[in-house]
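Written out below as C-alpha cells is the structure these notes cover.
Values quoted throughout were computed directly from the atomic coordinates according to the rules given, and no laboratory measurement underlies them. Bear in mind that the values here come from a model prediction, so they are computed numbers and not experimental data. Backbone-built Cβ (ideal geometry, glycine too); neighbour counts: all protein chains shown.
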Amino acid sequence: MEDFANSLSDFVLESIGVSLTEMAIQILSTILLFLIVKYFFWNNITEYLEKRKEFMASEYEDAKVANLEAISTKEKAELELTEIRLSAKGVIDDAKDRGELERTDIVKKAKKEARIVISNAQKEIDSEIEKARSNLNEEIVSVAVLMAEKVIKKEIDASKHKELISEVTKGVAS
C-alpha cells in the first residue's frame, strides 16, 4: 500500500509539474520571505494599518456628527418653516379682519351718506313745497285782489267780500 501511496504522490506531483525538492525550496523561501517582511516591514505595515483604522474611525465619527448636525439643522428648519407658516396665517387672518372692518366702515359711511342725501332731498322737497305754498298764497292774494276788484265793480258789501275771500283761501289751502 505504501507503494501505491508513493506512486499516487509522485503522480500528483508530476501532473502538477512540481518536484518535491522544488516544493521544499518554495516553502523555505516563503518562510524566509515572511520572516524578512516580519522583521523589517511588519511594524511599518501594522502601524500604517492602525493609522488607517484610526483615520477611518475618525471619518466615521465625523460623518456621524455631521449627520446628527444635519438632522438637527433639518429639524430647526422645519420648526422655523412651521413658525413662518403660522405667522403668515396670522398676517393673512389680520388682513382679513382689517378688510372686514374696512368693509363694515365703508358700508356704515355709505349708509350715513345715503341718509344725509335723503335728508337733504327731503329738506329740498319741503323747501319746494313751502315755495309752492308761498307761490300759491301769492296767487291766492292775486286772485283775491282780482276778486276784490270785481267785487268793487259789482258793489258787494264788505261782509260778502270777506266771506268770498275766506272761501277761496280755505279751498286753496286744503
Requested in this report: Grab the DSSP H runs of the chain that are 4 residues or longer, score each as -39,500 (n - 2.57), total them, divide by all residues and round the 222 nm result to the nearest 500 deg cm²/dmol.
Outcome: -34000 deg cm²/dmol
Report task. Work from the charge dipole of segment 1-117 (Cβ charges, +1 for Lys and Arg, -1 for Asp and Glu, about the Cα centre) and give the residue of F40, L81, V117 farthest towards its positive end. Result -> V117
Report task. Report the label-to-label distance for A114 and S9 in nanometres (one decimal), using points 7 Å from each Cα along the Cα→Cβ vector. Result -> 12.4
Requested in this report: Could you work out how far apart the two model spin labels at M56 and I106 are, taking each label as a point 7 Å from the Cα in the direction of the beta carbon, and quote it in nm?
Outcome: 7.3
Report task. Any aspartates and glutamates with Cα under 20 Å of the K96 Cα? List them, leaving off those in the same chain fewer than 8 positions away. Result -> E83, D105
Query raised in the report: Each label point is 7 Å from the Cα along the Cα-to-Cβ direction; what then is the distance between the points at A132 and L68, in nm?
Result: 9.5
**Report entry** Average silhouette area of the chain, convex hull of alpha-carbon atoms, in square nanometres
**Finding:** 32.7
Report task. Please get the size of the charge dipole for the chain, origin at its Cα centre, with Cβ charges of +1 on Lys and Arg and -1 on Asp and Glu, quoted in debye to the nearest 20. Result -> 2320
Query - Separation of alpha-carbon centers, segment 68-129 and segment 31-45, rounded to whole Å - result: 87
Requested in this report: Mind checking the full-extension length gain between Y48 and I125? Use 0.36 nm per residue of separation minus the Cα-Cα distance, one decimal, nm.
Outcome: 16.6 nm
